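Note sheet for the following structure.
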Amino acid sequence: MSWLHQFPTRRNARPLGGTVLLVATALLATGTATAVPAAEPAADVRATTLGAQAAQSGRYFGTAVAAGKLGDTAYANILNREFNMVTPENELKWDTTERSRGSFDFAPADRIASHAASHGQRLRGHTLVWHSQLPGWVSSITDANTLRSVMNNHITTVMNHYKGKIHSWDVVNEAFADGGSGTHRASVFQNVLGDGFIEQAFRTARTADPAAKLCYNDYNIENWSAAKTQGVYRMVRDFKARGVPIDCVGFQAHFGTGGPPSNFQTTLSSFAALGVDVQITELDIAQAPSAAYTNTVRACMNVSRCTGITVWGIRDSDSWRSGENPLLFDGNGNKKAAFQATLTALGGSSATVAARTAGTRSAASAAALPGSFSWSSSGSLIAPKPDSAHPGIAGIKDPSVVHYNGRYHVFASTASASGYNLVYLNFTDWSQAGSATHHYLDRSAIGTGYRAAPQVFYYAPQRLWYLVYQTGNASFSTNPDISDPNGWSAPRHFYSAMPDIIRQNIGNGYWVDMWVICDSSNCYLFSSDDNGHLYRSQTTVGQFPGGFTNTVIAAQDSNRYALFEAANVYKVQDSNQYLLLVEAIGSDGKRWFRSWTANSPGGSWTALAASESNPFARANNVTFPAGAWTRDISHGEMIRAGYDQTLTIPGCRLQYLYQGLDPGATGDYNTLPWRLGLLTQTNSPC
Ligand code: 9MR
């Protein structure tokens, strides 16, 4: 039947061997998917401690700790109960670690480090290069070569001692001047070494411990309009542009009673958009008003790259500004009102809703997705690069992409007559996508054989990258370093066997395209069957990757081609919207995408742009300024706003990396010349 070669009905990524003939009676694709009423999403599970609540969104909650207080039982009890990140308050400063030249003392900081390690707390290193608490022998150096070697030796020796024990280092602290200049402050480092000392410090730090996160930390940079903030911003932008290693910016957040400036969130998100994580590193607020703490925490919760909050001490009596009672516990260790406000705000979603209701944010409505879409497509950007060990790769398909550490990291299926496997490439800019090296992941423990349709994300609670893919089961590998193609673990399965409900409904379809998304409480695993069903299983954030159960049909269509495969689910940033995309095969035999929204990944889906005449993405709503190289808009992934398990996408100027195909191509489905291209939304309302 002629339909058979018009409809590329062979699934794009399935084990070879089976002959697949799909009945060609289906004419279609205008059918509507029925959203199956789903169980109500579980109410958020609220934690009772700061660290546990922050962990639910993949963040940490920390405190400054003084080694001399670890023996105080009341102090240690609160520390161990509430906090999962620790910053030595003074013990890693130069006047402690290298009081005289070349003679290092790590004993006080080691006491904190061992306490933290035995209580599962991570450590921030504060600080390597700072004009204050600097011994006189350093500040009196006048020779640049001497000071440079003293500074480099200090950084290297201290970082070496704590290698593997410190998550993030404040490499340079408080280097910018107060007031309106926006330039560096005077200090021995600035005066003797000049502007380049900060860059020098970061480069030395990266070499000393390549695994540690490297932060710049400062105070009075919370207000986006302040000259000091803009000065630091320009420095970070310049570092990122020139490849100077920097991973994070710490905002000390020593506030007066009014709390943060109203544009604090803008500051956090603006820095984050440069490609660095941001953290609140020394929070305290005069008199600790609840509203001021709430506003501070919300600003962080609303920015996906705001990865944690540290308060500068436990009890008011522990504070460097104890006269102002600025902390979350009183001198007797009792929780203050600000404690409860902080805990509530860390709950995230309800805080976001409350903030919106109070009219303090307008982004939510601006970010809601429109009901129709139009796009402009790039030309073909990424094509297969067979090598001698991987000859005959015909198509590159099913891309997954995150932007992390200043680079796009793309994972995709490789298709050839001999089967499917996975490939990885990274690049800084789409113009370089075509020249990036292709790393074949069969060289890693992922191994050879049928592996296809990858999805990559960072599982923040475990600080691990996950690659989810299909092997006939739903499989995954993990890697501490996304940029290391050899670092992936051997495949493990999410399920012991195909869930019953899938077995009962799959017919002659294929179990494909596994997709994970988590909210603050649960993780959801979606999959398709090429037979008109979208399935969803659920586990808790704590149990992930184990515990996926309760598999249900999340959406279905009596026309299998109208709800075929390649489902994506995303959280829309600054809104309560989740977006579902599912690939369909159209009445013209070409691939296209339909879309739905819901208020939870486990909710029921309402059509957004879901018909051939109002598609999410189809050849009829895409322009091709570089030439119409494809009429299929097929399996791909949105460019996300972050890279973690929440799969957050921006509400504006969407971009979608997809697979397309020369319309004239013929032949066996597995050897079709699929290429990757990028759609950019042209009708964004914001
Ligand atoms: O809390 C610290 C206090 O015990 C020290 O005496 C003081 C010395 O300058 O440093 C305090 O911590 C500072 C931090 O290291 C950098 N940002 C400002 C903090 C408050 O002064």
Residue (of 555, 635, 522) at the positive-pole extreme of segment 498-642, dipole from beta-carbon charges:
635
Can you tell me how segment 566-686 classifies by the Cα gyration tensor, rounded, prolate or oblate, using a/c under 1.5 as the rounded cut?
prolate
Once the Cβ-Cβ distance between residue 629 and residue 417 is put in as r, and R0 is 25 Å, what FRET efficiency do you end up with, to the nearest 0.05?
0.60
Counting only residues 5 or more places away or on other chains, whose amide H sits under 5 Å from the amide H of residue 286 once H atoms are built in the peptide plane?
255, 256, 257
Taking R0 as 22 Å, what's the FRET efficiency between residue 448 and residue 669 from their Cβ-Cβ distance, rounded to 0.05?
0.55
Segment 541-565-segment 645-680 distance, computed between alpha-carbon centres (Å):
22 Å
So, over other residues within a Cβ distance under 15 Å of residue 557, counting Lys, Arg +1 and Asp, Glu -1, the net charge is -3
Computed over the chain: longest principal axis from alpha-carbon atoms vs helix 73-82 long axis, angle to nearest 10 degrees, is 20 degrees
Using a Förster distance of 41 Å, the FRET efficiency for residue 682-residue 161 (Cβ separation, nearest 0.05):
0.15
Result for the chain: accessible area per residue, probe 1.4 angstrom, in square angstrom, of 34 Å²
With label points set 7 Å from each Cα along the Cα-to-Cβ direction at residue 478 and residue 143, the distance between them in nm comes to 5.1 nm
If you take the charge dipole of the chain about its Cα centre, with +1 on Lys and Arg Cβ and -1 on Asp and Glu Cβ, which of 293, 674, 107 is farthest toward its positive end?
674
Could you grab the relative contact order for the chain? Cα pairs under 8 Å, six or more apart, rounded to a whole percent.
14 percent
According to the Cα gyration tensor, what semi-axes, each the square root of 5 times an eigenvalue, does the equivalent ellipsoid of segment 169-268 have, listed from largest to smallest in whole Å?
23, 16, 12
What does the accessible area of residue 209 come to, in Å² to the nearest 10, when a probe of 1.4 Å is used?
10 Å²
log10 of Debye I(q)/I(0), alpha-carbon scatterers only, for the chain at 0.06, 0.11 Å⁻¹:
-0.37, -1.11
The summed charge of the residue 52 Cβ neighbourhood (under 12 Å; Lys/Arg +1, Asp/Glu -1) stands at +2
So what is the relative contact order for segment 546-595, in percent, with contacts set as C-alpha pairs under 8 Å and at least six apart?
27 percent
Can you list the residues, at least 5 places off or on another chain, whose amide H is less than 5 Å from the amide H of residue 214, using H built in the peptide plane?
169, 247, 248
In whole Hz, with x marking every Gly and Pro, tabulate ³J(HN,Hα) for segment 610-627 from phi via Karplus 6.51 cos²θ - 1.76 cosθ + 1.60, θ = phi - 60°.
9, 10, 4, 7, 10, x, 5, 8, 8, 3, 7, 10, 10, 9, 10, x, 8, x
Using a 1.4 Å probe on the protein chains only, how many percent of the accessible area of the chain belongs to carbon and sulfur?
50 percent
Distance from segment 326-344 to segment 137-153 (C-alpha centre basis), Å
43 Å
With Cα atoms, 0 to 90° folded angle of helix 197-208 axis to the chain main axis
70 degrees
Rounded to whole Å, give me the distance from the Cα center of segment 170-192 to that of segment 237-300.
19 Å
Could you grab the relative contact order for segment 424-552? Cα pairs under 8 Å, six or more apart, rounded to a whole percent.
16 percent
Could you compute the net charge surrounding residue 316? Neighbours are other residues with a C-beta less than 10 Å from the C-beta of residue 316; K and R count +1, D and E count -1.
-1
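The values are calculated or read from the model by the stated rules, or taken from the named source; none is laboratory data. Keep in mind that this is a model prediction, so the values were computed, not measured. Glycine also receives a Cβ, built like all others from the backbone with ideal geometry; neighbour counts cover every protein chain displayed. These area figures cover heavy atoms from the full protein model, side chains too; ligands, DNA and RNA do not enter into them. Shrake-Rupley method; radii C 1.70, N 1.55, O 1.52, S 1.80 Å.
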